[in-house]
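First comes the structure, then the notes that go with it.
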Amino acid sequence: MTFLELARARYSVRKFAETPVEEEKLQAVLQAGACAPTAKNLQPQRIYVLQSEAAVARIRGITRCAFNAPVVLLICGDVNEGWVNPFNNRNSTEMDCSIVTTQMMLQAQELGLGTTWVCWFDTEAVKKVFGLPVGIEPFALLPLGYPAADCAPSPMHANRKPQEETVKYL
Ligand SMILES: Cc1cc2nc3c(=O)[nH]c(=O)nc-3n(C[C@H](O)[C@H](O)[C@H](O)COP(=O)(O)O)c2cc1C
């Protein structure tokens, strides 16, 4: 499968099978995140693996978008570690975390696992419930698991803007 075929085959999985995620697959997903590029290679990402019964129950209590995934990755960043662009004062932490999340999402796809990138959650509630250290900012959740047998892409999946609208040649 080419990279483009893999990227096109991915869709947001919101219904998971009960099958657990094998430890080696989880580690491969985490490694794909760890080798992502980050600004100045500062690696401000902090990934929390929510897989204990208690942790999964807590995240499900905060957002309906954890779905029924057996594992949920909570992608956070240390905003004091991220690179600050002197041209516009922009902190790279969220951008860095997005690249890490993307690589994990696509690695999961290659392994036959499904994910959905989730931002529908109260970041303050996450900080409080999981007791995150000061400066650690949650950016995304990645529910992770095998897609349910009857899982299918949502209608939104196929709805892509024409390339002329999103790509400009100057
Ligand atoms: C930054 C971001 C935030 C998202 N947040 C949510 C979310 O909170 N809940 C959800 O069900 N899907 C969420 N999605 C998934 C998008 O809705 C989905 O990727 C989009 O509709 C395209 O569908 P596809 O992923 O199946 O191709 C999010 C995606 C991104 C990139």
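If you go through the range 82-98 one residue at a time, do you hit one that is in contact (Cβ under 8 Å) with a residue 60 or more places away in the chain, within 16 Å of the ligand (Cβ to nearest atom) and farther than 30 Å from Ala149 by Cβ?
To start, the set of residues in the range 82-98 that are in contact (Cβ under 8 Å) with a residue 60 or more places away in the chain comprises 96.
From what's left, within 16 Å of the ligand (Cβ to nearest atom): 96.
Imposing the further condition that a residue be farther than 30 Å from Ala149 by Cβ reduces the set to 96.
Yes: one or more hits.
Would you point out which residue out of Pro138, Pro133, Pro143 is without any contact (Cβ under 8 Å) to a residue 40 or more places away in the chain and either of a type outside the set (S, T, N, Q) or on the phi > 0 side of the Ramachandran plot (or both)?
Details: Pro138 fails: without any contact (Cβ under 8 Å) to a residue 40 or more places away in the chain; Pro143 fails: without any contact (Cβ under 8 Å) to a residue 40 or more places away in the chain.
Only one candidate passes the filter, namely Pro133.
Within the range 1-50, which residues are assigned to a loop (DSSP other than H, G, I, E, B) and within 16 Å of the ligand (Cβ to nearest atom)?
Selection gives Arg10, Tyr11, Val13, Arg14, Lys15, Ala36.
If you go through the range 55-71 one residue at a time, do you hit one that is of a type outside the set (D, E, K, R), farther than 29 Å from Pro147 by Cβ and either at pLDDT below 95 or in a helix (DSSP H, G or I) (or both)? No, the range 55-71 has no match at all. For the range 63-74, a residue qualifies if it is over 16 Å from Pro133 (Cα atoms) and either surrounded by 18 or more Cβ atoms within 10 Å (Cβ to Cβ) or more than 16 Å from the ligand (Cβ to nearest atom) (or both), and the qualifying residues are Thr63, Cys65, Ala66, Phe67, Ala69, Pro70, Val71, Val72, Leu73.
The set of residues in the range 78-104 being under 14 Å from Ile47 (Cα atoms) and in contact with a Lys or Arg (Cβ under 7 Å, 6 or more places away or on another chain) consists of Asp78 alone.
Looking only at the range 1-46, which residues are closer than 16 Å to Met105 by Cβ, among the basic types (Lys, Arg) and free of Cβ contacts under 8 Å to residues at least 60 places away in the same chain? Listed by number, the list holds a single entry, Arg8.
A single entry from Glu94, Glu23, Glu81 fulfils the requirement of being surrounded by fewer than 20 Cβ atoms within 10 Å (Cβ to Cβ), more than 14 Å from Pro143 (Cα to Cα) and in contact with a Phe, Trp or Tyr (Cβ under 9 Å, 6 or more places away or on another chain): Glu94. When restricted to residues that are within 14 Å of the ligand (Cβ to nearest atom) and of a type outside the set (Ser, Thr, Tyr), the range 145-170 contains 11. For the condition in contact (Cβ under 8 Å) with a residue 24 or more places away in the chain, within 16 Å of the ligand (Cβ to nearest atom) and part of a helix (DSSP H, G or I), Gly77 does not qualify.
Every residue in the range 104-129 that is in a helix (DSSP H, G or I) and either of a type in the set (A, V, I, L, M, F, W, C) or more than 14 Å from the ligand (Cβ to nearest atom) (or both), please. Residues satisfying the conditions are Met104, Met105, Leu106, Gln107, Ala108, Glu110, Glu124, Ala125, Val126, Lys127, Lys128, Val129.
Just give me the residues in the range 134-150 being surrounded by 10 or more Cβ atoms within 10 Å (Cβ to Cβ) and either over 23 Å from Ala55 (Cβ atoms) or of a type in the set (Asp, Glu) (or both), in sequence order. First the steps, then the outcome.
Initially, the range 134-150 is screened for residues surrounded by 10 or more Cβ atoms within 10 Å (Cβ to Cβ), giving 135-148.
Passing the criteria: only Glu137.
Collect the residues in the range 125-169 that are β-branched (Val, Ile, Thr) and within 20 Å of the chain's Cα centre (by Cα), keeping them in residue-number order.
So in the range 125-169, the residues β-branched (Val, Ile, Thr) come out as 126, 129, 134, 136, 166-167.
If the condition is that a residue be β-branched (Val, Ile, Thr) and within 20 Å of the chain's Cα centre (by Cα), then Val126, Val129, Ile136 are the ones that fit.
The values are calculated or read from the model by the stated rules, or taken from the named source; none is laboratory data. Everything numeric in this text was worked out from a predicted model, so none of it was measured. Positions of Cβ are generated from backbone atoms using ideal geometry, with glycine treated the same way; all protein chains shown enter the neighbour counts.
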